[in-house]
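Contents: one structure, followed by commentary.
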Amino acid sequence: MTRRGAEVRLDALLRTTCDVIAQRGLANTRTADVAQAAGVSQALVFYHFATKERLVAQAFAYAAEQDLARLDAVLRCSAPPLVRLKKLLRRYAPAGRSRPWAMWIDGWSESLRTPELEKVSRRLDLRWREGLRGVIAAGVAEGAFVCDDPGGAAWRINALIDGLAVQTAVHDRVVPRRQLTEWIRLAVARELGLRPEQLD
């Protein structure tokens, strides 16, 4: 196997592991499940990852890097702060039992017991909040937003979205997505001195 072939296969294994974790749950995911879903032998999974714990930790790190790449793409764009804010909210808003949310909720729970997962989870959470804080601060500096505490606003917005995501992932279709979007829009508008329709 060439080095490039091994890297491609490793990437595919990590992507497949993320899908399996989201579908089966972290506690019910076995290396055999990942091997079957990826169409490879279990021996190959263990060749790349000596243990299930290492496989899971690297899968979460892989998922975090994907999420952070999408975050960075928004933060690097030259659009005005309001446009960047709307993009961030669209990317992060709850979407029912979507793969990313199901996986991260499982990851948060396991982070209570697994230091490696806690580090990955914390890094993603802190980067998201720091990115949101930066966009809010830029909007305040340009006069587009009114907010005395961009860091606190980022924490409160983040906490609301996380809480709604947990509810919709666990209790699918209890609250319509349109209602969730409206609640998020109202909360963000209040935090930043905007009219809710500006966040459409």
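Each value in this text was obtained by applying a stated rule to the coordinates, not by laboratory testing. Here the structure is a predicted model, which means the values were calculated and not measured. Cβ placement follows ideal geometry from the backbone for every residue including glycine, while neighbour counts extend to all protein chains displayed.
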Relative contact order of region 15-75, defined on C-alpha pairs under 8 angstrom at six or more residues apart (%): 34
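Using just the helices of the chain, give the 222 nm mean residue ellipticity in deg cm²/dmol: DSSP H runs with n ≥ 4 each add -39,500 (n - 2.57), and the total is spread over all residues, rounded to 500. All intermediate terms of the calculation are to be shown ahead of the outcome.
Numbers: 9 runs with 152 residues, N = 200.
It comes out at -25500 deg cm²/dmol, rounded to the nearest 500.
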Ranked by how many other beta carbons lie within 10 Å on average, peptides 46-54, 162-170 from highest: 162-170, 46-54
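Under unit Cβ charges (Lys, Arg +1; Asp, Glu -1), what dipole magnitude, rounded to 20 debye, does region 56-199 have relative to its Cα centre? If you can, show how the numbers build up before the last one.
Numbers: 23 positive and 17 negative charges, 87 e Å.
Result for region 56-199 is approximately 420 debye, rounded to the nearest 20.
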Three principal axis lengths of the chain [C-alpha, angstrom, descending]: 58, 38, 27
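How high is the relative contact order of region 56-199? Use alpha-carbon pairs under 8 Å, at least six apart in sequence, and give a whole percent. If you can, show how the numbers build up before the last one.
Values: 134 pairs, mean separation 42.0, N = 144.
Computed over region 56-199, the figure is 29 percent.
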Equivalent ellipsoid dimensions for region 43-113 as semi-axes, Å, which come from the Cα gyration tensor, largest first: 30, 15, 9
